[in-house]
1. Among the residues of the range 150-157, is there at least one that is closer than 24 Å to residue 238 by Cβ and within 18 Å of the chain's Cα centre (by Cα)?
2. Please enumerate the residues belonging to the range 156-189 that are of a type in the set (A, V, I, L, M) and either closer than 17 Å to residue 4 by Cα or assigned to a loop (DSSP other than H, G, I, E, B) (or both).
3. How many residues does the range 190-218 contain that are within 19 Å of residue 149 (Cβ to Cβ) and small (Gly, Ala, Ser)?
4. Quick one: is residue 195 surrounded by fewer than 21 Cβ atoms within 10 Å (Cβ to Cβ) and hydrophobic (A, V, I, L, M, F, W, C)?
5. For the range 79-96, what are the residues that are within 16 Å of the ligand (Cβ to nearest atom), without any contact (Cβ under 8 Å) to a residue 60 or more places away in the chain and among the small types (Gly, Ala, Ser)?
6. Name the residues in the range 204-239 that are assigned to a helix (DSSP H, G or I) and either among the aliphatic types (A, V, I, L, M) or away from the ligand (no atom under 15 Å from the Cβ) (or both), would you?
7. Of all residues in the range 48-103, how many are crowded, with 19+ Cβ neighbours inside 10 Å, among the aliphatic types (A, V, I, L, M) and in a helix (DSSP H, G or I)?
8. Just to check your reading of the model, which residue among 110, 99, 161, 134 is within 16 Å of the ligand (Cβ to nearest atom) and closer than 30 Å to residue 70 by Cβ?
Amino acid sequence: MRKNIVAGNWKMNLLPEEGVDLVKSIIELDRPNDVVSIVCPSFTHLHAIREVLNDQSQIHLGAQDCSTHDSGAYTGQISAPMLKSLGAEYVILGHSERRAYQGESDELIREKTINALHHDLQVIYCCGETEDIRIAGNYIEHVLSQIKKAIFNLEETQIQRITIAYEPVWAIGTGKVATPDQAQEMHAAIRKSVANHYGEKIANSMSILYGGSCKPSNAKEIFSNPDVDGGLIGGAALKPADFVALHHSF
Ligand code: PEP
């Protein structure tokens, strides 16, 4: 049985103390036990947030990026061992904002993924097409090619520690959300491609998340698709009631 997951990508929002308050508010609200909760704040917040989490809070901690290197002359970068030592369990890699603003390539994302897995982080690997590609009609080929280049080199034991987040770029932070059919079409294609490469068993146990303007008012329809196992959530993850409501949307 694969897991249902709601992961919050806080992006570059909130001060550390505000992040702590947000997590405390999430902890106070009732969440179903069978949905995995992950929060991914800025690097600067990880320590303070780790301090307020315990076994009862049932919230996992993630970061939003990591370096391909473990240490060295890489000013401003943060390594996977650093994230691990701060208590992060997950890392988001390949987010479209990093692809667009930091020029990250599939090859770089592949290297980051290998390094993060090597240091025992679980990876939320993001992929998705721009609006132009969607209109041109080759969106499935595009996304499958991103996935193939970045993660299909992994070994079987490694791929099982990947969660794929399909995030159409045209839906991120825009208020435009993929229709349930658009999400299902892509998620099914991704799962089939994973099955062709790694076998049905691994494909069926992989959680594939949808991301892009997902909120309580549209999540139920999207999450009810057979190949959608939850969401990577931006804006709505900053509002405790909305973030928790998403856990009740399966
Ligand atoms: C994201 O950036 O991962 C995201 C899904 O953002 P939003 O929910 O705000 O569209």
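1. no
2. Selection gives 162, 164, 165, 172, 177, 178, 183, 188.
3. 3
4. Taking the combined requirement at face value, the residue satisfies it.
5. Hit for the range 79-96 is 94, nothing else.
6. 204, 205, 219, 220, 221, 222, 236, 237, 238
7. Residues in the range 48-103 being crowded, with 19+ Cβ neighbours inside 10 Å, among the aliphatic types (A, V, I, L, M) and in a helix (DSSP H, G or I): 3 in total.
8. Going through 110, 99, 161, 134 in turn, just one is within 16 Å of the ligand (Cβ to nearest atom) and closer than 30 Å to residue 70 by Cβ: 99.
Every number in this text was worked out from the coordinates using simple rules, so none of it is lab data. Every value quoted in this text rests on a predicted model; they were computed, and no experiment measured them. Here Cβ is always computed from backbone atoms with ideal geometry, including for glycine, and neighbour counts include all displayed protein chains.
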